[in-house]
Amino acid sequence: MQTFSEYNFHNQKALVRVDFNVPLNKKFEITDDTRMVAVIPTLKKILTDGGSVILMSHLGRPKDGSSAEFSLRHLLKHLQSLLDKEKIACDPEVFFASDCISEEAIEKVKYLENGSVLLLENLRFYKEEEKGDEAFAKKISQLGDVYVNDAFGTAHRAHASTAIMAKYFSPEKKMFGALMEAEVLNAEKVLLKSEKPFTAIIGGAKVSDKILILENLLDRANNIIVGGGMAYTFLKAMGYAIGKSLCENDKIELAKTLLEKAKQKGVTFLLPVDSIAADNFSNDAVFKNVSNEEGIPDDYMGLDIGTKSIELFTTTILGSKTILWNGPMGVFEMSNFQKGTRLVAEAVAEATQKQRAFSLIGGGDSVAAINQFRLSKHVSYISTGGGAMLEFFEGKILPGVAAIQKK
């Protein structure tokens, strides 16, 4: 497999798959450019080497062909401003092709000069993209000399531009971009090369969303901390009263099985020992700290982990050398129910800074929490992957990763 950092892109037209699926407001203004900023180092390297860039991406979920609402044209101005800030010697100009496989695109690529960028229109305007159509992938592949996949966020999709296109490039002409290279390296460091003790913090709403990651981590982690709404299915399985807390009754037997497996494998499986329970799903609700033994009243619901749970979880985190965090401890979007998530985030940051632990944060809510509490610079790595990272830690083969690594 070709290494991105060692490849010289001089006089090369680099066909780069990025994830520019960014949120837009009603005025089509970008409200969070994290995904765009993340790939700038890849683009800068190619342009500085003296190559040109042809960008491919999707945006949203267009249903029937082209749509002004989902046009990548909305991103053009901001992409230009991001590159301008880099002060790249070639002073790159960004052009746009209103169709990804049209004669217009072919013509613009033909005359694309070194040091320039061409953004192709939304790949998903063609149904062939999501179907993984080989003819579609081959046609786009002919636009570039070298293929660079820098879209880890879509690596779990077997789409034309992420999993099929690589087959039309020789091993030395296909590679991960700087972002994807870092994503894979850091994910493998946690899953395959973790320094012990390894603690996984898994939160979120439903056990059903995290079954596979929990089962896979039982063979790798020393400690598994479970918080958020999903914890109450486990607590009910253990016989505790959970009131109106979120619970998947059809997963109670599964929860019992996972707890038993953890015991058999010698994995410390930590659940909240108390909760912040509220009489309504609202920041203005009446709330109180309730222990598991007391039980959550019938008309209350758990919306955050309690004070003793915070102490238990943070002590474990601070004694760890490798930390994976996916999912919040409660409804951190509400100020009255964010303490658990905030203090867990602070513990992860402290373990990273003071104990030299390696910490990887993944999943939209966990990343949002780390950013909200201004701790992003105090952890080891923040994944842009979301679903892709989750599937990686479930032990699945990611099509976008396999396509590059395949000889």
TODO: Search segment 163-190 for residues that are under 19 Å from M56 (Cα atoms) and pair each with any residue that is open to solvent by 20 Å² or more (accessible area, probe 1.4 Å) when their beta-carbon atoms are under 6 Å apart and the residues are at least 6 apart or on different chains.
DONE: A163/P399; I164/E134; Y168/K138; M175/Q2; A178/P41; L179/A38
Task: Number of the condition not met by K87 [criteria: (1) more than 20 Å from E181 (Cβ to Cβ); (2) touching a helix residue (DSSP H, G or I) at 6+ places or on another chain (Cβ under 9 Å)] - done: (2)
TODO: Take segment 292-337 and flag every residue that is over 18 Å from V226 (Cβ atoms), open to solvent by 20 Å² or more (accessible area, probe 1.4 Å) and not aliphatic (A, V, I, L, M).
DONE: E293, E294, P297, D298, D299, Y300, K321, E333, S335, N336
Task: Elements of type strands (runs of 3 or more DSSP E) contained in segment 108-197, each with 3 or more residues being farther than 21 Å from I361 by Cα and at pLDDT 95 or above - done: 117-120, 146-149
Task: Pairs where the first residue, in segment 34-55, is without any contact (Cβ under 8 Å) to a residue 60 or more places away in the chain and over 19 Å from G386 (Cα atoms) and the second is assigned to a helix (DSSP H, G or I) and open to solvent by 10 Å² or more (accessible area, probe 1.4 Å), C-beta under 8 Å, 6+ apart - done: I40/L82; I40/E86; K44/E86
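Any residue at all in segment 142-157 that is free of Cβ contacts under 8 Å to residues at least 60 places away in the same chain, crowded, with 23+ Cβ neighbours inside 10 Å and within 22 Å of the chain's Cα centre (by Cα)?
We begin by selecting, within segment 142-157, every residue free of Cβ contacts under 8 Å to residues at least 60 places away in the same chain; these are 142.
Now restrict to residues that are crowded, with 23+ Cβ neighbours inside 10 Å: none.
Scanning segment 142-157, I find no residue that is free of Cβ contacts under 8 Å to residues at least 60 places away in the same chain, crowded, with 23+ Cβ neighbours inside 10 Å and within 22 Å of the chain's Cα centre (by Cα), so the answer is no.
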Task: Any hit, segment 334-342, residues being more than 21 Å from A221 (Cα to Cα), among the aromatic types (F, W, Y) and assigned to a loop (DSSP other than H, G, I, E, B) - done: no
Open item on the list: I'm checking my understanding of the structure. Among residues of segment 23-39 that are out of contact with any His (no Cβ under 9 Å at 6 or more places or on another chain) and β-branched (V, I, T), which one is least open to solvent (accessible area, probe 1.4 Å)?
Closed with: V39
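Kindly evaluate E69 against the criterion of being surrounded by fewer than 14 Cβ atoms within 10 Å (Cβ to Cβ), among the charged types (D, E, K, R), out of contact with any strand residue (DSSP E or B) (no Cβ under 7 Å at 6 or more places or on another chain) and within 19 Å of S141 (Cα to Cα).
Working: surrounded by fewer than 14 Cβ atoms within 10 Å (Cβ to Cβ): yes; among the charged types (D, E, K, R): yes; out of contact with any strand residue (DSSP E or B) (no Cβ under 7 Å at 6 or more places or on another chain): yes; within 19 Å of S141 (Cα to Cα): no.
Considered against the rule, which asks whether it is surrounded by fewer than 14 Cβ atoms within 10 Å (Cβ to Cβ), among the charged types (D, E, K, R), out of contact with any strand residue (DSSP E or B) (no Cβ under 7 Å at 6 or more places or on another chain) and within 19 Å of S141 (Cα to Cα), E69 comes out as no.
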- [ ] Pairs only if they're at least six apart or on different chains, beta carbon under 8 angstrom, first in segment 1-17 and in a helix (DSSP H, G or I), second hydrophobic (A, V, I, L, M, F, W, C); list them, first residue then second.
- [x] F4/V148; F4/M175; F4/F176; F4/A178; S5/A178
Task: Filter pass, N11 being out of contact with any Leu (no Cβ under 9 Å at 6 or more places or on another chain), within 24 Å of G364 (Cα to Cα), of a type in the set (S, T, N, Q) and open to solvent by 10 Å² or more (accessible area, probe 1.4 Å) - done: no
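Of everything in segment 198-241 that's hydrophobic (A, V, I, L, M, F, W, C), assigned to a loop (DSSP other than H, G, I, E, B) and within 22 Å of the chain's Cα centre (by Cα), which residue is surrounded by the most Cβ atoms within 10 Å (Cβ to Cβ)? Don't jump to the end; show me each part of the working.
Our first condition is that a residue be hydrophobic (A, V, I, L, M, F, W, C); within segment 198-241, this holds for 198, 200-202, 205, 207, 211-214, 217-218, 221, 224-226, 230-231, 234-235, 237-238, 241.
Add one more test, that the residue is assigned to a loop (DSSP other than H, G, I, E, B), and what stays is 205, 218, 221, 230, 238, 241.
If we keep only those that are within 22 Å of the chain's Cα centre (by Cα) too, we end up with 205, 218, 221, 230.
Details: A205: 17, L218: 18, A221: 29, M230: 26.
Only one residue tops the list, namely A221.
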Open item on the list: I'd like to check something: does segment 247-255 contain any residue that is open to solvent by less than 60 Å² (accessible area, probe 1.4 Å), under 16 Å from G227 (Cβ atoms) and in contact with a Pro (Cβ under 7 Å, 6 or more places away or on another chain)?
Closed with: no
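The values are calculated or read from the model by the stated rules, or taken from the named source; none is laboratory data. Values in this document were obtained by computation on a predicted structure and should not be read as measured data. With ideal geometry, Cβ positions are generated from the backbone for all residues, glycine too; neighbour counts draw on all protein chains shown. Heads up: the accessible areas ignore ligands, DNA and RNA and are worked out on the full protein's heavy atoms, side chains in. Shrake-Rupley method; radii C 1.70, N 1.55, O 1.52, S 1.80 Å.
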